[in-house]
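As C-alpha cells, the structure follows; a few thoughts come after it.
The values are calculated or read from the model by the stated rules, or taken from the named source; none is laboratory data. Remember, predicted model here, so these are calculated numbers, not experimental data. Note: ideal-geometry Cβ built from the backbone for every residue, glycine included; neighbour counts use all protein chains shown.
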Amino acid sequence: MTDPGLAMTADAAKPAPRGAAPDLFDKFQPMIDIRENLLATGVTDPFSLVMERVESPTVAICNGRRTILLGTYNYMGQTFDPDVLAAGKRALDEFGSGTTGSRVLNGTYQGHRECEEALKRFYAMDHAMVFSTGYQANLGIISTMAGKDDYVILDIDSHASIYDGCALGNAQIVAFRHNDVEALEKRLKRLPAEAGKLVVLEGVYSMLGDVAPLKEMVAISKAHGAMVLVDEAHSMGFIGPNGRGVAEEQGVIDDVDFIIGTFSKSVGTVGGFCVSNHPKFEILRLVCRPYVFTASLPPSVVATAATSIDKLQGAADKRAHLWANSRRLHGGLKQLGFTLGTDEPQSAIIAVIMPDLERGAAMWEALLHEGLYVNLARPPATPAGMTLLRCSLCALHSEEQVGEILGMFEAAGKKVGVI
Ligand SMILES: Cc1ncc(COP(=O)(O)O)c(C=O)c1O
C-alpha cells in the first residue's frame, strides 16, 4: 500500500507541467517571507492581538493584563457612553438584530432615516446618505460620481478606500504629491477644461496625523471647475468649532461638495456616510452600487450612531481635553528623543517613526509588555516605506494615563535602543 504522505511528497517534487498555471498565492510570497522572518526573531505577532476584555474606551485586558489603549480610533470615547448604549439596546429589542436587506428595498428602517437626520443636523447640510462602512462610502461616491472621461485628482497618500473607489470606477486617475498645493494646481492646469473633475482630499491623513491645507486646495480646485470631496474620517467630532472637521476649521466647508466620514472612529460604532448640499444628491441612492447592492446596517448600530452624533456636537469640553492630551503626548515624546511624524501636534494621531520594521516590532512588543497598545504600521499602508508606531489619543485618556504612557515609552525606548 502506498504511504499517502510519501505519495504527496513525490507529487510535490515533480516539476510543474509546461505552461501550467501558477499557484495564485505566489504573488504573496514576498509578504509571506517578510512575516516569517519577523516572527523568526521571536517577536509577538503585532497583527494578531486579541482584546480579551474591554473595560472602557481607554483600557482593555490583553494577554491577561491591563493594557492602556493608545491605538484605537475611539477619539471621543463614545463606545461606552450610557445614552449611546441605551439607544442601541432599545433598537435591538424593538427592531431586531438586522435588516436582512438593501437600503433601497427592505433595509431602510426608521433608525436609518433618524441617523441621516442626525448627520444633516451635525453638518448643517441638506443631504446625508448612510453606508454600511466608510470604506463603502468612498468606494461608492468616487466610483459613481467620476465616470468615463472624467478625472479623479487625488493626494498620493490617500487611504486605500479612496484608491479602491478609483479602481472600481472608469475615470482617469491623477495623483499629486502629498499635501502639495502647487502640485495639485499643476495637475489641474494640465487637464482639459471641459472634462469633469473630482478632487479627493482628506482632512487628517491617518498615517502621520498631518492636516491638509484645505483652504488653499479647495480654492484652487474650485477655480479649475472641479468638485471636491473631503474624507474627514479622522477629524469628525474633534477638529473644528463644532467638530465638523478640517474643512470647518479652515472655513471652507460650504465650498466642499461631498464630505465622507465613518462611524468607526469618533462616533464609536461601525458605518459610513456622505453629506452634501448638492440639489441632485438623492439620485445617488439609486445609482451607487456599494449603497444598493449590500445589506444596510443593523438597527442597533444606526441607533447608537445617531445618539453618538447628536452628543458629539456639544462635546466642546471633550475636544479641549483631547487637544490638551495631544499637545502633552507630542511634547513629551519629542522631549524623550523620539522622531515624530509632525513637528507640532496637528490631530489626535501622533506617529512615532521607527528606524526599521524589526525595531518597530520590538518596540511595539516592549510597549505591550509595559501595558500599552499602539498600532504598528508598515508599508504599503505607510508613506515612503516608513515603519510607524501610531498613537491615537482618546478624549477620555486622563492626565494620569498620559503620564503613564510617556513613562512606558521611555522604558521601552531605552530597552530597545531607539532613544
Ligand atoms: C481616511 C479613511 N477613510 C475611510 C476609512 C474607512 O472607514 P471604515 O472603517 O468605516 O470602513 C478609513 C478607515 O480607516 C480611513 O482612515
Here, helices (runs of 4 or more DSSP H) confined to region 280-371 with at least 1 residues that are among the charged types (D, E, K, R), in contact (Cβ under 8 Å) with a residue 12 or more places away in the chain and closer than 25 Å to Asn242 by Cα are 299-313, 316-336
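Residue-by-condition table, conditions (1) under 28 Å from Leu368 (Cβ atoms); (2) without any contact (Cβ under 8 Å) to a residue 24 or more places away in the chain:
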| site | (1), (2) |
| --- | --- |
| Val59 | yes, yes |
| Asp81 | yes, no |
| Ala87 | no, no |
| Asp93 | no, yes |
| Met125 | no, no |
Residue check, Phe238 under 30 Å from Ala320 (Cα atoms), within 16 Å of the ligand (Cβ to nearest atom) and not in a loop (DSSP other than H, G, I, E, B): no
For region 110-152, which residues satisfy the criterion of being in a strand (DSSP E or B), under 23 Å from the mean Cα position of the chain (by Cα) and farther than 25 Å from Gly96 by Cβ? His127, Val152
In region 358-401, residues that are farther than 22 Å from Ile156 by Cβ, among the hydrophobic types (A, V, I, L, M, F, W, C) and within 22 Å of the chain's Cα centre (by Cα) total 11
Hey, can you tell me all the residues within region 251-278 that are out of contact with any His (no Cβ under 9 Å at 6 or more places or on another chain), of a type outside the set (Ser, Thr, Tyr) and part of a loop (DSSP other than H, G, I, E, B)? Gly251, Val252, Val256, Phe263, Val267, Gly268, Val270, Gly271
For the subset of region 130-147 comprising residues that are of a type outside the set (S, T, N, Q) and closer than 15 Å to Val270 by Cα, which member is surrounded by the fewest Cβ atoms within 10 Å (Cβ to Cβ)? Tyr135
Being under 14 Å from Phe131 (Cα atoms) and either within 16 Å of the ligand (Cβ to nearest atom) or touching a residue at least 60 places away in the same chain (Cβ under 8 Å) (or both), is that true of even one residue in region 217-228? no
Candidates Ala320, Ala348 - the one that is hydrophobic (A, V, I, L, M, F, W, C) and crowded, with 17+ Cβ neighbours inside 10 Å: Ala348
Residue hits (region 188-226; surrounded by fewer than 16 Cβ atoms within 10 Å (Cβ to Cβ) and at positive phi) are Gly225
Considering residues that are touching a strand residue (DSSP E or B) at 6+ places or on another chain (Cβ under 9 Å) and away from the ligand (no atom under 16 Å from the Cβ), the number found within region 164-181 is 8
Which residue out of Arg103, Arg121 is of a type outside the set (Asp, Glu), in the same structural domain as Gly209 (by TED's automatic domain parsing) and buried (at least 21 other Cβ atoms within 10 Å of the Cβ)? Arg103
Which listed residue is closer than 27 Å to Gly196 by Cα and either modelled with pLDDT of 95 or more or away from the ligand (no atom under 15 Å from the Cβ) (or both), from Ser143, Ser102: Ser143
Exactly one of Gly251, Gly237, Gly268, Gly245 is free of Cβ contacts under 8 Å to residues at least 60 places away in the same chain and surrounded by 23 or more Cβ atoms within 10 Å (Cβ to Cβ), and that residue is Gly245
So, of the residues in region 185-215 that are more than 16 Å from the ligand (Cβ to nearest atom) and within 27 Å of Tyr73 (Cβ to Cβ), which turns out to be farthest from the chain's Cα centre (by Cα)? Lys215
